[in-house]
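Q: Before I ask anything, here is the structure I am working with.
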Amino acid sequence: MKTKAKPKLAVWKFSSCDGCQLSILDCEDELLAVAGAVHIANFPEASRAVVKGPYDISLVEGSITTPHDAERIHSIRRQSKLLISIGACATAGGIQALKNFSNVKEFVSIVYATPEYIHTLSKSTPISDHVKIDFELRGCPVDKYQLVEVLNAFLNGRKPNTPHYSVCIECKRRGIVCRMVGHEQICLGPVTQAGCNALCPSYDRGCFGCFGPKETPNTSSLAEFWSKKGMGKRDLIRTFRGINAYAKEFRLESESHE
């Protein structure tokens, strides 16, 4: 009897720090299970061996920042049955999207001795701005257990079970005293999607918004709370312009204070 071929998995990198790809490698025992269920056909971070497409599942890390990126992502989409963007860079443009609020040509002329060799787009944009995606997995980096859950879900034809509620729920589950109300620290937890198990609050720090806006976030109410506590417009802008600065809800809130 002919053995059924395993689904082919490819992992692609664009403008990013590789942290999300490292999360895949950090799965350890879970990665062995994944490797047993799929054929890892293209993953330069893990192996030089490359099997040509088409691919059943493509994981894409990183944002689109160059003309070459914008062309390559279309090629990857054509080769992929399912395309999943992973991490803040791929889902919201990443920390490099801070350039979207300024004049890139000015930066290039100041930083580089020969600006004519720099070929960059004026904005850093998420994968979904360029091609159709099948799922977005948030995080900076992504949570390895969520990553395994998403792969498991698509391999078995079901919807991924990932949270859409806020980091505040994770704080309550862990018995962490509210950093914002109890300690008057700046915290994006009320408007940020869960997924990190309240990592920063567990170390006495407010949430930095690594998993991006939660479902229907009330950013204006949060900004009003801080404003009444004496926070100025400049600090409000800086608060929402972090790792997920170009995520729609965070971007619109920061722009409303300019």
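The values are calculated or read from the model by the stated rules, or taken from the named source; none is laboratory data. The model shown is predicted, which means the values in this text are computed figures rather than measured ones. Here the Cβ is made from the backbone with ideal geometry for all residues, glycine too, and neighbour counts use every protein chain on show.
Q: Given (1) within 15 Å of the chain's Cα centre (by Cα); (2) among the hydroxyl-bearing types (Ser, Thr, Tyr); (3) assigned by TED's automatic domain parsing to the domain that holds Ser15, where does Thr162 come up short, assuming only one miss?
A: (3)
Q: Regarding the stretch 152-165, can at least one residue be identified that is under 22 Å from Arg241 (Cα atoms) and not basic (Lys, Arg)?
A: Checked against the condition, which is being under 22 Å from Arg241 (Cα atoms) and not basic (Lys, Arg), the stretch 152-165 yields at least one hit.
Every residue, every condition in (1) farther than 25 Å from Glu253 by Cα; (2) at pLDDT 95 or above; (3) surrounded by 15 or more Cβ atoms within 10 Å (Cβ to Cβ); (4) among the β-branched types (Val, Ile, Thr), yes or no:
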position	(1), (2), (3), (4)
Gly157	yes, no, no, no
Ile169	no, yes, no, yes
Gly189	no, yes, yes, no
Tyr203	yes, yes, no, no
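Q: For the structure I just gave you, tell me whether Glu253 is over 17 Å from Arg179 (Cβ atoms), touching a helix residue (DSSP H, G or I) at 6+ places or on another chain (Cβ under 8 Å) and surrounded by fewer than 19 Cβ atoms within 10 Å (Cβ to Cβ).
A: The answer is no for Glu253.
Q: Right, here's the next one. Hey, could you check the stretch 21-38 for residues that are more than 23 Å from Ala90 (Cα to Cα) and among the small types (Gly, Ala, Ser) and say which is modelled with the highest pLDDT?
A: Once the filter is applied, the top-ranked residue is Ala37.
Q: Ok, one more. So which residues in the stretch 242-258 are closer than 12 Å to Ala223 by Cα and assigned to a loop (DSSP other than H, G, I, E, B), if there are any at all?
A: Scanning the stretch 242-258 gives Ser256, His257.
Q: A further question follows. Restricting the search to the stretch 124-155, which residues are among the polar types (S, T, N, Q), modelled with pLDDT under 95 and farther than 21 Å from Pro190 by Cβ?
A: Asn152
Q: A further question on this structure: Which condition from (1) outside any helix (DSSP H, G or I); (2) in the same structural domain as Thr65 (by TED's automatic domain parsing); (3) farther than 22 Å from Gln96 by Cα is the one that Met231 breaks?
A: (2)
Q: Among the helices (runs of 4 or more DSSP H) contained in the stretch 1-112, which hold 1 or more residues that are out of contact with any helix residue (DSSP H, G or I) (no Cβ under 9 Å at 6 or more places or on another chain)?
A: Passing ranges, in order: 19-25, 29-37, 67-79, 104-111.
Q: Residue under question is Arg205, and the condition is that it be of a type in the set (Lys, Arg) and not assigned by TED's automatic domain parsing to the domain that holds Thr239; does it hold?
A: Numbers: of a type in the set (Lys, Arg): yes; not assigned by TED's automatic domain parsing to the domain that holds Thr239: no.
It is false that Arg205 is of a type in the set (Lys, Arg) and not assigned by TED's automatic domain parsing to the domain that holds Thr239.
Q: Scan the stretch 118-136 and give yes if some residue there is β-branched (Val, Ile, Thr), exposed (fewer than 15 other Cβ atoms within 10 Å of the Cβ), assigned by TED's automatic domain parsing to the domain that holds Trp12 and not in a helix (DSSP H, G or I), otherwise no.
A: Yes: the stretch 118-136 contains one or more residues that are β-branched (Val, Ile, Thr), exposed (fewer than 15 other Cβ atoms within 10 Å of the Cβ), assigned by TED's automatic domain parsing to the domain that holds Trp12 and not in a helix (DSSP H, G or I).
Q: Next question, about the same structure. Keeping to the stretch 205-226, report how many residues are surrounded by fewer than 17 Cβ atoms within 10 Å (Cβ to Cβ) and outside any loop (DSSP other than H, G, I, E, B).
A: 4
Q: Still on this structure, I have one more. Being closer than 21 Å to Ser254 by Cβ and acidic (Asp, Glu): is that true of Glu71 here? Can you show your working first?
A: Numbers: closer than 21 Å to Ser254 by Cβ: no; acidic (Asp, Glu): yes.
Against the criterion (closer than 21 Å to Ser254 by Cβ and acidic (Asp, Glu)), Glu71 does not qualify.
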